[in-house]
Amino acid sequence: MIPDFTAPLIDWAALAPLLVVLGAGVVGVLVEAFVPDAVRRATQITLALAALAATVVLIVLRWGLIVGSDGAPGVSDVLVGGTVMVTPFALALQGTIVVLAFLGALVVADRTSSGQDAFAPTAAAVPGTSYEDLARRAGLQQTEVYPLLMFATGGMMLFVATDDLLMMFVALEVLSLPLYVLCATARRRRLLSQEAAAKYFLLGAFASALFIFGVALIYGFAGTVRLIGDEDKPGVIRRVLSGDAPLDGMTVLVVAGILLVLVGLLFKLGAVPFHAWTPDVYAGAPTPITGFMAACTKVAAVGALVKVLYTLVVGLPPEVGEQLRTVVIVVAILTMALGTVVGAVQTDIKRLLAYSSIAHAGFLLVAVAGINLESLRAVLFYMVAYGVATVGAFGVVTLVRERTVVPGRADGADGEDGVVLGEATHLSQWAGLGRRAPWLTAAFALFLLSMAGIPLTAGFVAKFGAFGAAVAGDLWWLAVVGVLASVVAVFFYVRVIVLMMFTPPAEEQLLAGAEARAQEAATGTGDEAEAAEASSGAEPAGGGVATETRTEVARTVVTVVGSRGPAAVAIAVCAVATLVLGVFPGPVLELAGEAIKFVP
Amino acid sequence: MTNPYVPVLVLMAVAAVLALGGVAASAVIGPKRYNRAKLDAYECGIEPTPHATGGGRLPIKYYLVAMTFIVFDIEVVFLYPWAVDFTTLATFGLVAMLGFLALITVPFVYEWRRGGFDWV
Amino acid sequence: MENVIGLAPWLVGFPLLGAAVLLLGGRATDRWGHWLGVAASTAAAVTGFVLLFAMISTPAEERVVDHHLWTWLSAGGLDVDLGVRLDPLSMTFVMLVTFVGTLIHVYSVAYMAHDPHRRRFFAYLNLFVAAMLTLVLADSYLLLFVGWEGVGLASYLLIGFWDHKRPNAVAAKKAFVMNRVGDMGLIAAMALIFANVGSVQFADVLPAAAGELSGVGASTATWTAVALCLLLAACGKSAQFPLQAWLGDAMAGPTPVSALIHAATMVTAGVYLMVRSAPILEAAPTAQLVVVCVGAVTLIFGAVVGCAKDDIKKALAASTMSQIGYMMLAAGLGPVGYGFAIFHLLTHGFFKAGLFLGAGSVMHGMDDEVDMRRFGGLSRFLPVTWITMGLGWLAILGVFPFSGFWSKDGIIETAFVPVDGQPWRAWLFGSVALVGAAITAFYMSRLFFMTFGGQRRWDDDHHPHESPALMTVPMIILAIGSVALGGLLAVGGTFTTWLEPVTGHAEHGEPVIPFWPLVILTHVLVIGAALLAFRQYAVSRVPVTAPRGSLLTRAARRDLFQDATNETLVMLPGQVLTRSLVYGDKAVVDGGWLGLGATVTQVGEKVRGMQNGYARSYAAMILTGVLVIAGVAGIAAAVSQ
């Protein structure tokens, strides 16, 4: 029996952005149920994009309201029923997530000139079966992708806007479960896709378990799962400060709990040593989903991480803070080192970008380790810069494809011949891309330069801010390590640029690369795909190749398919944003500065 | 007296010894005679069936039943505590619960419309 | 003024836009690209006129306007605001650059008509105009530096425009490298200024140098260092001794480029820098003396070289060098000199551009022949060119009442004014200026008579003809400027008064030789030298192959051994240094770097082994990670206790 219950106050206005996105997800499920096949896809895309756009508007309106409110309690940090806490910082993160999700959704929605999107006709079919062929020929399509995207986005928005660890856990699941499913829906290389989903799910469940275990330990110590809480329901920090939950002798318990919670967050962030899923999942998932996941999930994870850490380290006694900080520093160094070093030896563009994302997690952690307001600001800007570059880069990857060579036409130069297959992800296939598609290549090079942190791109300003935050936290040596890691990272980004722009696209070379690729796919040899294939334990042949061309894998050439519009728009917007943020970062930096206004 | 948590530690130690010891003991002293049946995957006592030639469907109804079960299971899990505190939670509880029921109906409707119950 | 200052960024914007469209538009813009270039330059010129009239109608004390655009970058103590400083000095340059620039654009339409890359040429020209305007409109040394590098780039691209010819490519590279030497000076100067004043904005630096700000400032020694660094920059850009060697070779570029960049505008940027930094120079009297010396040496140097050159463009280049020497000399003479330096710069911009365009016209008619020994008697065939060049010739000679007289005579007169009551300086520099004027008269007359006077010396393969109207009209306009501009602006001291908001008012000191005798003396020398040239090159026969000549002539032909000197003093040690550095780089740096790369790769391959694809291994990794961070936290706790 609950002794006395008062209905919590719910600020619907503060919840509106979240409700619109989740509501769109629910409506999307109903659309699946009732709307006929012919118009379903169009309906879903319209619904998703409209909902995201409306959410952006709502967030902007809300932003004007709370940033202009002089930090009055109840407006600037609304506690909805004490669980959802929409501070300006959380709102800024939500805005970033939604904008990136919008761009990501554009890439997802693009069918390209090959007429097919990136998703399997029926993701539940066993790869390589006749049922799959049947579904493909029947023109089935997996439009559940869009509601799933909405749910994931909603989960991320909630993830960054809560003070309640249990609510955070719920949000973590809400964002993760759709992603697990989405990972399994790739149209091509079905086995790898399903394997990625299975791995992501298993490891994600493991990390979630650690997270909830940590929450349990914290609850065991403080009797609450809130971090700050309010007068009526004090959170961990209030209780420690007021002496209700004395730390004496309990430090180990608290620190263990917090560390386990951090593990859950670091896993989502893809920080070493909790990164192992990243390359496999990024490579296996449908590329548009990878872009969405890499950008948005990272915003949510690092946003939540920096907020939780900042709250705890500032609120708890310094010895606890110092321990947490040391852990973050160690993880940051490991992450930067592994991301850059292993990234340098990758031969697959998607895996390369995955390691790049790990390295960026490290750079973000450098900012986080500073544990000051500057960290929060730096993280915000970094995520905007990194997010647009990532969505754009994966968007480009979706357009670079393999095409079969019609027998008798060895050169395959005529772009109209042959069937367009999956993405040409092997690096050797990207050689000389600059001549085939100069604009696309230029955009991709721009994204890579931004990720490398070259001046006049957004990435430079972002890295500058991140390392600046570390310096502001008296961690100048960590900033130096970060700079050194960046130097090594430049190596692998520039390698790709050189490959695309300055290596001649010798046709023989291309064919050789494609053959190597095909052989690799057929026999399951080659870098990590080897073990990946082996571990999946089933049908080695054809697993990694498009289903419709099981007989014709030997001779393919690389081709660039045209976008049907949305992806091109997304790539263009990302490229422009990358440049503009690099040259005129001022306004966005100011916004980020306002976002940390009312941080307690 | 000693720390009250000591028995818990002892219990954990005993559990670990039993679990690891069992595995270790069978590895060391157990006879190692393999045959085809032993090496087969264990599927609840039923002989594993190979995929039909040219591929075939998984018994997907199994998953559908599981999904449907979860839909109602979750529903009931929440309905029980609500019922217990029905009076205290008052209108707020009722409205919240109705919202929850409406939401949980959505996947049910989805499953139904997409032919999830066309079993025959 | 305030209501139109917003137009100022468009001065840069129009040509920049033009360049962007032409460069990015590719071949699609081939057909109309040159007219777009002309339009962009014209638009800038019109904007310039609007601003000029607005400025004229503003009271003199309100004519210096700093227009802040946006904060460019903000790093630590360095806040760089991007802005425009519009004052009579920059306004003068704006008018010169846009007006003369537009004329030369028009001229180039015809001159480059048969070049397959005409669009690219106009793109570079527009780029140059944009960069030059950035340079003169900048309100800080940093933005000035952006323009400075921009004009350097445009100059490089245009000198090497026909880069399929190896000498042209080499000349472009030479100009670029020698400019880099000067640029180091500008960078060093900026660093010194920032270290001492804490800002690179003109609005902060110049008052600080003038000692008008309390608490900010630096010692005379510091200002001397700054001024010398700035002088080094100016020497590089303006082809002053000892960085003069590139200008002659720069004539490899198309002639309109020589007219615009290497005569009228870019090479005078050094003088602009000196006058703009006037308070700094005044805070460093020693540096001022060095400036005067550099000017004097270059003045004579260029004049001597000019006497021996048979290549019409190289002779004009030497003359440019010498004339800028005059300006530099004037800029070192303090407040009175600034006015005359800029005034001469302006008139020189007109008559030298006119002379170059004339030379281009001659080359156009003579199938790109540049050797004056193969000209002769061309006045009948190219009457317009002949007359316009003749007017330019009279202007550069400084004959009353042509433009050059008003500006150059002013400089000579100022040079004869004792500085700090030291008459030796007046006598020395005054005489140099006077002798320079005489030599100028000689070599310019030589050029003129060898080209247009005397007997024809060309083969029958050549068919000299007058250029089309697109080329002659700009020449005529420039010739009118050569005739009248000086007189218009000099009467009643209009121009010096105009510049006073920038240079400050200064009373003209008393020269050691009185004014009228000085004017007469100058004219006697100039006319005498011209007659000498007339006798030698118009009346007597000019041999088609150059005679061996005296030692001095031979030295002058080889540019007074400037290249040989550079090669011995700079290039040779430089090469030895680079070779040893290359060796060191290969052995140590590359070794280290490649070693790093190899190590990274090897480590990467090892670590990659952990990525074995098994979910169970990954889970184990996570578990290990949990233990590791627990250990780290434990150690941190132990250490902190």
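The values are calculated or read from the model by the stated rules, or taken from the named source; none is laboratory data. The structure displayed is predicted, hence computed values, not measured ones. Ideal geometry is used to build each Cβ from the backbone, glycine not excepted, and the neighbour counts take in all protein chains shown.
Points to keep in mind about this one:
- Exactly one residue out of C:L89, C:L16, C:L52 is in a helix (DSSP H, G or I), modelled with pLDDT of 80 or more and either assigned by TED's automatic domain parsing to the domain that holds C:S482 or over 22 Å from the mean Cα position of the chain (by Cα) (or both), and it is C:L52.
- Count of the range A:1-47 residues, restricted to those that are touching a strand residue (DSSP E or B) at 6+ places or on another chain (Cβ under 9 Å) and at the interface with another protein chain (Cβ under 10 Å from one of its Cβ atoms), is 2.
- When the helices (runs of 4 or more DSSP H) confined to the range C:547-611 are screened for residues that are outside the structural domain of C:V304 (by TED's automatic domain parsing) and under 22 Å from C:D310 (Cβ atoms), those reaching at least 2 such residues are found at C:551-557, C:562-566.
- Pairs linking a residue in the range C:56-71 that is away from every other protein chain (no Cβ under 14 Å) to a residue that is outside any helix (DSSP H, G or I) and among the hydrophobic types (A, V, I, L, M, F, W, C), with Cβ atoms under 7 Å and 6 or more positions apart or on different chains, are C:T58/C:M1; C:E62/C:M1; C:V65/C:M1; C:V65/C:L86; C:H67/C:V84; C:H67/C:L86.
- Single condition A:V263 does not satisfy, out of (1) within 14 Å of chain C (Cβ to nearest Cβ); (2) over 20 Å from C:A619 (Cα atoms): (2)
- Flag for C:L627 being under 30 Å from C:V304 (Cα atoms) and surrounded by fewer than 14 Cβ atoms within 10 Å (Cβ to Cβ): no
- Verdict on A:L269 being within 14 Å of chain C (Cβ to nearest Cβ), in contact with a helix residue (DSSP H, G or I) (Cβ under 7 Å, 6 or more places away or on another chain) and surrounded by 24 or more Cβ atoms within 10 Å (Cβ to Cβ): yes
- Scope the range C:600-641; condition among the small types (G, A, S) and more than 7 Å from chain A (Cβ to nearest Cβ); matching residues: C:G609, C:S617, C:A620, C:G631, C:G634, C:A638
This table checks each residue for (1) in contact with an Asp or Glu (Cβ under 8 Å, 6 or more places away or on another chain); (2) part of a helix (DSSP H, G or I); (3) within 30 Å of C:V106 (Cβ to Cβ).
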{"residue": "C:L478", "(1), (2), (3)": "no, yes, yes"}
{"residue": "C:G486", "(1), (2), (3)": "no, yes, yes"}
{"residue": "C:P511", "(1), (2), (3)": "yes, no, no"}
{"residue": "C:L518", "(1), (2), (3)": "yes, yes, no"}
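- Of everything in the range A:209-224 that is in contact with a helix residue (DSSP H, G or I) (Cβ under 6 Å, 6 or more places away or on another chain) and closer than 17 Å to A:V263 by Cα, the residue that is surrounded by the most Cβ atoms within 10 Å (Cβ to Cβ) is A:I218.
- When A:V313, A:V302, A:V308 are screened for being surrounded by fewer than 24 Cβ atoms within 10 Å (Cβ to Cβ), closer than 24 Å to A:A101 by Cα, of a type outside the set (K, R) and away from chain C (no Cβ under 12 Å), only A:V308 passes.
- The one condition from (1) away from chain C (no Cβ under 14 Å); (2) in a helix (DSSP H, G or I) that A:E402 does not meet is (2).
- Selection within the range C:349-407 - under 16 Å from C:I312 (Cα atoms) and without any contact (Cβ under 8 Å) to a residue 40 or more places away in the chain: C:D368
- The residue list B:T2, B:T91 contains one member that is within 13 Å of chain A (Cβ to nearest Cβ) and either modelled with pLDDT under 85 or surrounded by fewer than 10 Cβ atoms within 10 Å (Cβ to Cβ) (or both), which is B:T91.
- Positions within the range A:177-217 being hydroxyl-bearing (S, T, Y) and either assigned to a strand (DSSP E or B) or within 11 Å of chain C (Cβ to nearest Cβ) (or both), in sequence order: A:Y200
- Residues that are loosely packed, with under 12 Cβ neighbours inside 10 Å and either within 30 Å of A:G339 (Cα to Cα) or within 13 Å of chain A (Cβ to nearest Cβ) (or both), drawn from the range C:562-588: C:K586, C:A587, C:V588
- Hits in the range A:316-330 (condition: assigned to a helix (DSSP H, G or I) and either crowded, with 24+ Cβ neighbours inside 10 Å or not acidic (D, E) (or both)): A:P318, A:V320, A:G321, A:Q323, A:L324, A:R325, A:T326, A:V327, A:V328, A:I329, A:V330
- Of all residues in the range A:116-127, those being out of contact with any Asp or Glu (no Cβ under 6 Å at 6 or more places or on another chain) and within 13 Å of another protein chain (Cβ to nearest Cβ) number 5.
- Scanning the range A:218-251 for residues that are within 15 Å of A:L312 (Cα to Cα) and within 14 Å of chain C (Cβ to nearest Cβ) yields A:L247, A:T251.
- Meets criteria (within 30 Å of C:F122 (Cβ to Cβ) and within 12 Å of the chain's Cα centre (by Cα)) for C:G236: yes
- For the range C:448-455, the count of residues that are under 28 Å from the mean Cα position of the chain (by Cα) and either modelled with pLDDT of 85 or more or surrounded by 20 or more Cβ atoms within 10 Å (Cβ to Cβ) (or both) is nonzero.
- Residues of the range A:96-120 satisfying the condition of being buried (at least 21 other Cβ atoms within 10 Å of the Cβ) and either in a loop (DSSP other than H, G, I, E, B) or in contact with a Lys or Arg (Cβ under 9 Å, 6 or more places away or on another chain) (or both): A:A109, A:D110, A:T112, A:D117, A:A118, A:F119, A:A120
- Of all the listed residues (A:G139, A:G155), the sole one being touching a helix residue (DSSP H, G or I) at 6+ places or on another chain (Cβ under 9 Å), more than 14 Å from chain B (Cβ to nearest Cβ) and at pLDDT 95 or above is A:G155.
- Residues of the range A:339-390 satisfying the condition of being more than 21 Å from A:G315 (Cβ to Cβ), more than 19 Å from the chain's Cα centre (by Cα) and hydroxyl-bearing (S, T, Y): A:T347
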